[in-house]
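This is the structure I have questions about; it appears just below.
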Amino acid sequence: MMERLFDLFQYGFMQRSLISAIAIAVICSIVGLFLVLKRHSLFGDALAHVAFGGISLGLFTGVYPLWTAYIVAILSAVGVNKLRESTKIPPDSSIAVLLTSGLAIGVILISISGGFTLNLFSFLFGNILLVSVDDVIMILITDAIVIPVIYILYKKLVLIVFDENQARVSGLNVTWINTLFIVLASITIIASIRLVGVLLISSLIVIPNITALMFGKGFKKTIFISCAISVFSVVFGIIMSYYLDLAPSGTIVLTMISMFLVTVIAKNMKIRFNKMTVTK
């Protein structure tokens with residue numbers, strides 16, 4: 001069994017998929033924790049649906065779909081953020097606008113171009129086993145941009161997450177930092193589409209982070225726990241999907257959900273045990 005496992009890593013497509021998946025898992029966990037704590041968990045899902053419109057535009061015009069997805073997602077996210085700040089639209093409402101507009105654009109372009117294509121399905125549902133060398137390079141470049149910027153802005157982002165008003169009082173340019181973070185979130189989402197596709201992207205953003213938060217550790221430790229959960233899920237999911245001939249995206253998400261459920265059960269058992277100990 002171990003020999004078969006090591007043989008698997010000799011394939012070029014498997015090496016590319018694992019490198020890409022690990023890189024995606026890390027940045028989604030980091031960006032996702034800030035989104036979850038800001039109660040913008042569905043923002044990643046909204047951006048993914050906007051990216052769907054951008055991908056449809058790329059396929060319609062003959063441009064590489066991920067480039068058009070980057071442009072459309074970034075411009076839409078920044079525009080909606082500006083609209084929300086200027087008109088005081090609630091965050092959940094702005095996310096709904098973002099999500100539905102992306103779907104509308106995608107559906108219209110698909111109907112004009114004559115329906116779904118194989119390429120579009122790969123973006124909708126993801127297939128990390130089909131990533132090319134160019135995809136790997138793009139994902140690694142995304143990591144190299146997102147992680148250092150978040151590291152530099154870490155303290156400011158944490159302050160904004162927990163008390164945006166206090167951040168403004170302390171002199172931080174909250175609008176500029178929020179806009180920059182939205183751009184980082186946008187490129188993270190687009191880079192992640194190859195792994196789980198448009199329809200499951202929010203799972204990478206949300207599930208590892210809500211699982212990590214249940215451990216009740218500090219902010220930095222929660223990031224590391226979330227990254228560990230996410231990395232394990234993508235690696236295990238890819239390997240199992242290969243041997244069982246399953247869809248990689250679905251296998252990865254089910255692995256994350258399984259880890260979440262195990263954590264919930266373990267935490268509830270610990271609480272009950274502590275209550276029993278106290279009563280005794």
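The values are calculated or read from the model by the stated rules, or taken from the named source; none is laboratory data. Bear in mind that the values here come from a model prediction, so they are computed numbers and not experimental data. With ideal geometry, Cβ positions are generated from the backbone for all residues, glycine too; neighbour counts draw on all protein chains shown.
Being buried (at least 24 other Cβ atoms within 10 Å of the Cβ) and among the basic types (K, R): is that true of R168 here?
no
Taking the condition of being within 18 Å of L59 (Cα to Cα) and either surrounded by 18 or more Cβ atoms within 10 Å (Cβ to Cβ) or at pLDDT 70 or above (or both), how many residues in the stretch 111-129 meet it?
The number of residues fulfilling the criteria is 7.
Return yes when I190 is more than 18 Å from C227 (Cβ to Cβ), within 21 Å of the chain's Cα centre (by Cα) and surrounded by fewer than 20 Cβ atoms within 10 Å (Cβ to Cβ) and no when it is not.
no
Using the structure shown, decide if F60 is modelled with pLDDT of 70 or more, surrounded by 14 or more Cβ atoms within 10 Å (Cβ to Cβ) and within 14 Å of the chain's Cα centre (by Cα).
no
I'm told S230 meets every condition in (1) crowded, with 22+ Cβ neighbours inside 10 Å; (2) over 15 Å from S29 (Cα atoms) except one. Can you identify the failing condition by its number?
(2)
Looking at the stretch 34-54, is at least one residue within 14 Å of A191 (Cβ to Cβ) and surrounded by fewer than 24 Cβ atoms within 10 Å (Cβ to Cβ)?
no
Hey, could you check the stretch 38-57 for residues that are part of a helix (DSSP H, G or I) and closer than 14 Å to F181 by Cα and say which is nearest to the chain's Cα centre (by Cα)?
So the residue we want is G44.
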